[in-house]
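In what follows, a structure is listed as structure tokens, so that the remarks can point back to it.
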Amino acid sequence: MKLVPIVLLGTFISTAACAGDMTAFVKKVLGAEYILIEERALKMSPKSAPQFIVVATRRSDEPPRYAAEAPTRPLLLVEEKQGSYTVFARNDNVVGRLDGAAQCDPVLDMDEPRITQPQPNVFSFENTAACGQHWNYSVSFKYDRSKRQWYFYRSVFESYVLGDENSDALKLDTRSVTKADKKRMITFDKFNLH
């Protein structure tokens, strides 16, 4: 049986679960076929409700033939209030899908955590490919406490090529950075990586 990874960050559906049992919350919100594979508590500014990012995977008997057939992987922001979890926001277009013929998975193929927090009120999610092509695509979001909203902050795309016998195994080929346009801020739920 193959596992089809799916990512979530919780705060979007007003389904409550007893705080402390994120596995149970994931199953309640997404269904019993989902398995928790990564969870991170976010460092938030004072007076902000504790928030979490959770990564889960869904079981699947057959891998998709094409990437377009792979199920989306929800990214959910989970908020803890008064001893229970709720889904604060959801985005299905941040986490990469399983590649065609299940050759490469931008989430599960790497051992490192996909979720990082470079500074308080900011988190990043990284998709990575290292099968044929080699690239990293990191997307960051920042929390605005006055608006009680997460916004796109920046993205970094890096691609690599194979080095020769006199250099590193992989060499940086291209690097592009996209920063948020302060005049047209994009909320977390509206951001589209594709």
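Quick note: the coordinates plus some simple rules give every number you see, no bench work behind them. These numbers were taken from a predicted model, which means no experiment stands behind them. Using ideal geometry, Cβ is built from the backbone for each residue, glycine included, and neighbour counts are taken over all protein chains shown.
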For this session: Determine, for SER45, SER140, the number of other Cβ atoms within 10 Å of each Cβ, and report the residues in order from fewest to most.
Result: SER45, SER140
Exercise. Want the number for ARG145 to CYS131: 0.36 nm per residue separation, take away the alpha-carbon distance, what's left?
Worked result: 1.0 nm
